[in-house]
1. Counting other C-beta atoms within 10 Å, and keeping those with at most 15, which DSSP coil GluC sites (Glu not before Pro) do you find in the range 197-271?
2. Helix 180-191 against the longest principal axis of the chain: what's the angle in degrees, Cα atoms only, rounded to the nearest 10?
3. Let me know the charge dipole size of the chain about its Cα centre in debye, to the nearest 20, where only the beta-carbon of Lys, Arg (+1) and Asp, Glu (-1) is charged.
4. Which GluC sites (Glu not before Pro) in the range 266-335 sit in a loop by DSSP (not H, G, I, E or B) and have at most 11 other Cβ atoms within 10 Å of their own Cβ?
5. Using only the Cα atoms of the range 21-142, build the gyration tensor, take square roots of its eigenvalues as a ≥ b ≥ c, and label the shape rounded, prolate or oblate: rounded if a/c is under 1.5, else prolate if a/b is larger than b/c, else oblate.
6. Describe numerically, in nm with one decimal, the distance between label points set 7 Å from Cα along Cα→Cβ at residue 269 and at residue 14.
7. Taking the DSSP beta bridges in the chain as the whole, what percent of them are antiparallel, to the nearest 5?
8. If I compute Rg and Dmax of the Cα atoms in Å from the structure I just sent, which labelled value in [x] 20.2, 64; [y] 24.8, 79; [z] 28.1, 102 lines up?
Amino acid sequence: MLRSLIVGFGRAGRDLHLRCLRKTRAEHPHLISPEIGVVAEGEPYLNDLCVGGIRPFGSLVEARQVFGEDSVVHICTPPATHFDVLREAAELGYRRLIVEKPLACTMDEVSQIRALRARYKLQIMVVATWLSSSLTARLKAMLAAPPTGAWTKMSIQQLKPRFSQTLNNRSHTSALEVEIPHQVALSLYLTGTNVEVTAASCSDMRVNGTTVPLMGSASIVLQHVDGQSSLLHSDLTAPVRERSVEIIFADGRRVVGYYPSEAKDSFSQLHVYDGENALVSRDVFFDDPLSAFLAETYSYFECGAGDPPPSNLDFHEAVMSVLWEAKRQSGLVSATPAAPSAERDHVLS
């Protein structure tokens, strides 16, 4: 049985990881210990956390005296801090780590994280909840079914009003760091990592007389190896909530999948249309991707063998490469990506 240590207690740590850890433990009590540690340095409400099996700590060093190497560290701090937290956790003896998306801010940081993994023999998983979704499993099966699985276009859309959170927390530098990482991961998981970024853009958020640069929306266009194209679009100023994927098949069929749009309603939908655009079927089914991801990851961590779940470090290096190129084409960065990480694993030796 593994214990859990959450580092960072903002929305991701508090409302997502803690909530889903409790749900996952209720369903898999043999996997996760009921005691959960929280590292939230300098938070004034730290002492109020001593309820419901939560142990608060002011630092990782302090937490290490109670939560040993059998713990899974959940890194829920801002992206720019991920490498530093990973390094500190590794130096303290932790080997099982879950990192919130995006994995890093630059390809140099990805290379440094790979070097950390090599030096300390780390097991690193990155949160990409859509990969563990029941809807994603159905879509992947449809795409893998020859000859009907041949497809031509894909659109992955995320709409979510995110005004208050953006105004209160400026840790993200652009909309490419918020929901788009999930969409890139989903696209590469469904269709393969051999893609080219052909266009990318960001827009500002304008709210209540305030402009937040680059935090309004983000779009990426991908060209796939067999000529298909995908559009990934995230709008953080939308008046409605929607997480959806649309796939158009070569035979004219169209499928539209709708992921759960909020934590309170864990159901997905799959709509299938024929070549005449007539609705053939509409299926609604239970889907709790983050809890499924945690159960999958903790099972892998506990057994310590076999193939890692899809949302691993190697896969997310490809995700980061797409995100980096999208930032470059959006004018957010100018430097070229780091050299292939295999050539740079000596950095921390």
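The values are calculated or read from the model by the stated rules, or taken from the named source; none is laboratory data. Computed from a predicted model, the values in this text were never measured in an experiment. Counting neighbours? That spans all protein chains shown, and the Cβs are built from the backbone with ideal geometry, glycine included. For accessibility, only protein heavy atoms count, side chains too; no ligands or nucleic acids. Shrake-Rupley method; radii C 1.70, N 1.55, O 1.52, S 1.80 Å.
1. Taking the range 197-271 and a limit of 15 other Cβ atoms within 10 Å, the loop GluC sites (Glu not before Pro) found are 262.
2. Between helix and principal axis, roughly 60 degrees.
3. Taking the Cα centre of the chain as origin, the dipole is about 320 debye.
4. Answer by residue number: 276.
5. Since a/c reaches 1.5 but b/c is at least a/b, the shape of the range 21-142 is classed as oblate.
6. Result: 3.2 nm between the two label points.
7. Bridges in the chain that DSSP calls antiparallel: roughly 60 percent.
8. Recomputing Rg and Dmax of the Cα atoms in Å here picks out [x].
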